[in-house]
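Presented below is the structure to which this report refers.
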Amino acid sequence: MADRSGRCITYHGRPPNSASSTGNKVQHYNEYNDIITSIFGQLTEANKQRLADIIKQQQEKALKESSASLAKAKAEKAKAEAAKADKEPKAAGIPVAQDVRQGKKGDAPTGEALLAPAAKPTAATKSRN
């Protein structure tokens with residue numbers, strides 16, 4: 001379509017399609033670059049280098065922010081674990097179980113001893129062992 005000044009108007013965009021986008025990030029960037037190139041032409045070597053430098057700076061900044069965020073999260077987790085450990089009662093006076101299955105007297109019940117009641121061995125259980 002020509003306007004009154006004699007210039008021609010052209011469309012620069014995606015070809016007609018039933019979907020508004022491809023749903024693929026790589027395809028999107030390829031189409032975007034094609035549209036920009038069709039409008040402004042090819043980039044000069046200086047502009048390509050400038051864009052590469054900007055992208056490199058953005059990646060370095062993101063890496064630093066990610067590392068700082070990870071370090072902060074680790075510090076918060078360690079602090080929470082330390083606070084939790086301080087709140088838990090100390091087990092200084094509790095005897096340690098040496099053999100849970102035999103259930104020695106004086107041992108704190110742990111593991112299977114908590115799940116099953118203590119029973120005296122019978123002839124049937126002795127033959128299984």
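Given the conditions (1) open to solvent by less than 70 Å² (accessible area, probe 1.4 Å); (2) at pLDDT 90 or above; (3) under 30 Å from HIS12 (Cβ atoms), which single one is not true for GLY41?
(2)
Just give me the residues in the range 19-38 being of a type outside the set (Gly, Ala, Ser) and loosely packed, with under 10 Cβ neighbours inside 10 Å, in sequence order. Can you show your working first?
Residues of the range 19-38 of a type outside the set (Gly, Ala, Ser): 22, 24-37.
Listed by number, the residues that qualify are LYS25, VAL26.
Against the conditions (1) in a loop (DSSP other than H, G, I, E, B); (2) open to solvent by 100 Å² or more (accessible area, probe 1.4 Å); (3) of a type in the set (Lys, Arg), where does ARG14 fall short? Just the number, please.
(2)
Residues LYS84, LYS79, LYS61, LYS74: which one is of a type in the set (Lys, Arg), open to solvent by 70 Å² or more (accessible area, probe 1.4 Å), closer than 28 Å to ASN33 by Cα and in a helix (DSSP H, G or I)?
Values: LYS84 fails: closer than 28 Å to ASN33 by Cα; LYS79 fails: closer than 28 Å to ASN33 by Cα; LYS74 fails: closer than 28 Å to ASN33 by Cα.
Residue meeting the stated conditions: LYS61.
The values are calculated or read from the model by the stated rules, or taken from the named source; none is laboratory data. None of these values were measured; they are calculated from a predicted model. Reconstructed Cβ throughout: ideal geometry from the backbone, glycine too, with neighbour counts over all protein chains shown. Heads up: the accessible areas ignore ligands, DNA and RNA and are worked out on the full protein's heavy atoms, side chains in. Shrake-Rupley method; radii C 1.70, N 1.55, O 1.52, S 1.80 Å.
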